[in-house]
Amino acid sequence: MIETAIVVVVVACCSFYWLGRLAPSAVRPVWQSLSRALASVGAPAPMQRAVAGRLGARSGGCGACKGCDKGGGCH
Amino acid sequence: MDAVVRERTLRAALVGNPNCGKTALFNQLTGSRQKVANYAGVTVERKEGRLTTASGLAVRLLDLPGAYSLNATSPDEAVTRDVCAGRYRGEAAPDLLICVLDATNLRLHLRFALDVRQLGRPMIVVINMIDAARQQGLEIDIARLQADLGVPVVTAIAVRRGGASEVLAALDHPLPPPPPVLPPDADFHAVVRKLLQDAVSRPATASEAFEERLDRWVLHPVWGMAILIALMFLMFQAVFSWAQPLMDGVQALVDQFGELVRGVLPDGVLQGLLVDGVIAGAGTVVVFLPQILILFLWILTLEESGYLPRAAFLLDRLMASAGLSGRSFIPLLSSFACAVPGIMATRTIQNPRDRLVTILIAPLMTCSARLPIYTLLIAAFIPRKTVWGIFNLQGVVLFALYIAGIVSAMAVARILKRGERASEHPLLLELPAYRAPGLRDLALGLWQRASTFLSRVGTIIVTLSVLLWALSSFPAAPAGATGPAIDYSLAGHIGRWMLPIFAPIGFNWQICVALIPGLAAREVAVSALATVYAVGASEADAAAQLTPLLSSQWSIGTALSLLAWYVFAPQCFSTLAVIRRETGTWKVVIIAAAYLFGLAYAASFITWRIALAFGGGPS
Amino acid sequence: MRLNDLSRGASAIIDHIEDREPGDPVALRLRELGFVPGEPVRVVAVAPFGGDPLAVKIGFTRFALRRAEAARVLLRDAA
């Protein structure tokens, strides 16, 4: 059943996307092992960089500013 | 590698008074190569763009929030002060400060340029809107000004194509030496007066008289209010009527695409996923793009033209009666687009208490994400007829929903401010010159909104639609089941489990299911309804659109109750997240969510009861 | 006379800005916005619902101020 397989993969990807949005720490190990796997098989550099980018991505902060102080606003 | 690039890149920052045309110059210089971090607020966000000069120098240009002085009185100005002085954490000091001045308002703007010069950092001065100055018969002796100031001075016309060529050329010159600095106790105004005397000749002007005549109407106690109300009313009529043909077009495209997929793929789970999940879900929301763009076109035009501060002037007294100042008006108006930039725009409010109250009531302003829900329900349940000769009843209902949000916001502000001892709320708002909005800036603003909207559809909405489709399709109905398959699915169970909470306000279980993904963003509720009904529908009417489906299945009481719910419900994680970020405490977030949910439930309950009393319940 | 006593359309010259308290931030901001001795000011408009705030023109810039803010600006008659 190729159809069912496609549907399962798509639904799994969407769940993973939302897991990553709601709980970034839960998906971090997945990206970590993926980046190790890519490095060991010698995947193309852009692919490795993209995965490394997902690892480094962090939510929060005002735009690119990462120092939000208690009084509101960013300093 | 990074270090090599950094060496050849010039880091420059645009600074200037509000209304000096800084953002237009930024757009002109960087075009579409700009990065607006997360949200499009006018200049409350960190905006960075890239450009390359004729000689191949790469420049990273930062657009700083407008400021009247480096003695910051608002968080907004504090950002500008700290970045300019190189004290901003995580932000290296810019190599070059580009101080933008409005040529027609040099008296005020030159003082700020002196303020910036006191920092002793390399800077150039850009005299912007030089065309407007010439039109007014103003002669500015640039060479003289440059000699007196001791920094390079160039001119620009930010709104005209090629109007920034002198600025580009100036960037190619080697960095100017640090400028001369005045003793700290110097009288800046005296220096400005001397500069103006030396370098500027000004005859009395005609365009000023024009502005004054216009202001006599626009700021008039009676006519001014009439103009304001007419503009707002026209805005909502436009959102409803102008967008209709475009929306019909998009709807037809989506339908055709659905038919195409249905024809190509065999019946089965994959077809279900694509047609009932992705196309029904995301397609229903994409249809609202024209409406949202028209709303933004209005808001951008009002922002660019210089009208907004005048509206703030007219409404200051009303805001004061709710305990706020006219300054709160501008963040609240941007909240009509989206509460997120609106809440960020509260950084221009100096009084911390005013700022907090404005943040708490901003979610009550009807944001553009509520438009799809309002439009869907209005189109399904409110007859399209003309009232009082000229108005479309649907537009009137939409207007009333917006008014309901505003009135309740004022009431909440009033309650929150009660018991506060009388204190001063400074207004001190500049009423800038009127300006025809630049087409380029409007187009860029609309493009940013459209791409934000579409990328939300592509990520949040598509993925949620898929998940919701899966929840409503599995587990499949057992053999020999009589009811529709969706009744046996996970979504069906969840919906019925929530029903006891929401049945007293007239919601059915399908609405309950749609409310959960609707937390991610309000418009998702529409796509969720579409998916739930598409999966649940029998084969014959599966192709039918959501609107007729709803009007045949819901009572008017349910529809009105859901409308009332969405006037108040804080169904948006991004808003709650930005409240947390801007206030730095979860306490405010909890207060906001609790009071908004409470209001939503109460309003829906009352609406439902009234509808039942008038026979609007299920037949 | 103070700026808040000026009627619509009338002009005067600023004499000085009064601090309500030491280091009054509103007075400081007024000075930074160009409300300095010797500048001519004119009341361009008064708002509906009780005439607060005022729109004043100073130099070539217009500002909206509440009456409490305008009361810090002391005037002398236009020459």
Report task. Can you find, among B:Thr9, B:Leu563, B:Asn27, the residue farthest towards the positive end of the dipole of the protein assembly as shown? Put +1 on the C-beta of Lys and Arg, -1 on that of Asp and Glu. Result -> B:Thr9
Query raised in the report: Computed FRET efficiency, Cβ-Cβ of A:Arg36 and B:Phe233, R0 41 Å: what is it to the nearest 0.05?
Result: 0.10
Query - Out-of-range pairs (alpha-carbon distance over 32 Å; input B:Lys22/C:Lys57; B:Lys47/B:Lys587; B:Lys587/C:Lys57) - result: B:Lys587/C:Lys57
Requested in this report: Using only atoms on other chains, find how many Cβ atoms lie within 10 Å of each Cβ of peptide A:6-15 and report the average.
Outcome: 6
Query - Calculated FRET efficiency for the pair C:His16/B:Arg87, C-beta based, R₀ 30 Å, to 0.05 - result: 0.35
Query raised in the report: If we count GluC sites (Glu not before Pro) as exposed when they sit in a DSSP loop and have at most 11 other beta carbons within 10 Å, what is the longest stretch of chain B that avoids them all?
Result: B:1-419
Requested in this report: Sort out the exposed loop trypsin sites (Lys or Arg not before Pro) in chain B (DSSP loop, at most 15 other Cβ within 10 Å) and tell me the longest stretch that has none.
Outcome: B:162-383
Query - Amide proton proximity set for B:Gly16, modelled H, under 5 Å, gap of 5+ - result: B:Ala67, B:Val100
Report task. Over the whole of C:50-57, what's the average partner chain Cβ count within 10 Å per residue? Rounded to a whole number, please. Result -> 5
Query raised in the report: Using alpha carbons only, how many degrees (0 to 90, rounded to 10) separate the axis of helix B:371-381 from the longest principal axis of chain B?
Result: 40 degrees
Query - Area projected by the alpha carbon convex hull of the range C:3-76, averaged over all directions, nm² - result: 4.4 nm²
Requested in this report: Quick one: grab the alpha carbon gyration tensor of the range B:409-479, order the square roots of its eigenvalues as a ≥ b ≥ c, and give me rounded if a/c is under 1.5, else prolate or oblate depending on whether a/b is larger than b/c.
Outcome: oblate
Report task. First select every other residue whose beta carbon is under 9 angstrom from the beta carbon of C:Leu75; then total the charges, Lys and Arg +1, Asp and Glu -1. Result -> -1
Query - Number of partner chain Cβ atoms within 10 Å, mean per residue of A:21-27 - result: 1
Query - Charge dipole of the protein assembly as shown about the Cα centre (unit charges at C-beta), most positive-ward option of C:Met1, B:Gly281, A:Ser40 - result: A:Ser40
Query raised in the report: Given charges of +1 on the Cβ of Lys and Arg and -1 on the Cβ of Asp and Glu, with all other atoms neutral, how large is the dipole of the range C:1-53 about its Cα centre, in debye to the nearest 20?
Result: 240 debye
Requested in this report: Calculate the all-directions average of the projected area of the range B:463-619's alpha-carbon convex hull, and give it in nm².
Outcome: 10.3 nm²
Query - Computed [θ] at 222 nm, helices only, for the protein assembly as shown once each DSSP H run of length n ≥ 4 contributes -39500 (n - 2.57) - result: -16500 deg cm²/dmol
Query raised in the report: By the gyration tensor of its Cα atoms, with a ≥ b ≥ c the square roots of the eigenvalues, what is the shape of the range A:2-55: rounded for a/c under 1.5, prolate for a/b over b/c, or oblate?
Result: oblate
Query - Cα shape, the range B:38-178, gyration tensor, a/c 1.5 rule - result: rounded
Query raised in the report: If Lys and Arg each add +1 and Asp and Glu each add -1, what is the summed charge of the other residues whose beta carbon sits under 13 Å from the beta carbon of B:Arg456?
Result: +2
Report summary line: A correct Karplus calculation of ³J(HN,Hα) over the range A:33-46, with 6.51 cos²θ - 1.76 cosθ + 1.60, θ = phi - 60°, whole Hz and x for Gly and Pro, returns 5, 5, 5, 5, 4, 4, 5, 6, 8, x, 5, x, 4, x
Query raised in the report: Counting other Cβ atoms within 10 Å of each Cβ, which chymotrypsin sites (Phe, Trp or Tyr not before Pro) in the range B:571-619 have at most 13 and sit in a DSSP loop?
Result: B:Phe614
Query raised in the report: Using modelled amide H (1.01 Å from N, peptide plane; none on Pro or chain starts), what sits under 5 Å from the amide H of B:Val151, excluding residues fewer than 5 places away?
Result: none
Requested in this report: Would you mind checking the tilt of helix B:524-536 against the longest principal axis of the Cα atoms of chain B, expressed as 0 to 90 degrees and rounded to 10?
Outcome: 20 degrees
**Report entry** Dipole magnitude of the range B:2-203 about its Cα centre (Cβ charges: Lys, Arg +1; Asp, Glu -1), debye to nearest 20
**Finding:** 320 debye
Query - Other-chain or far-sequence residues with amide H under 5 Å of C:Arg62's (modelled H) - result: B:Leu431
Query raised in the report: In whole percent, what relative contact order does the range C:3-76 give with Cα contacts below 8 Å and a gap of six or more residues?
Result: 41 percent
Query raised in the report: Where q = 0.08 Å⁻¹, what log10 of I(q)/I(0) comes from the Debye formula for chain B, counting one point per Cα?
Result: -0.66
Report summary line: With Cα coordinates, the longest principal axis of chain B makes an angle with the long axis of helix B:556-568, in degrees rounded to 10, of 30 degrees
Requested in this report: Could you run the Karplus curve 6.51 cos²θ - 1.76 cosθ + 1.60 with θ = phi - 60° over the range B:78-88 and give me ³J(HN,Hα) per residue in whole Hz, x for Gly and Pro?
Outcome: 5, 4, 4, 4, 5, 5, 4, 7, x, 9, 7
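The numbers here are math on the coordinates, done by the rules we state, and not lab data. This structure is a prediction, so every number in the text was calculated from the model and none was measured. As a convention, Cβ positions derive from the backbone with ideal geometry for all residues, glycine included, and neighbour counts pool all protein chains shown.
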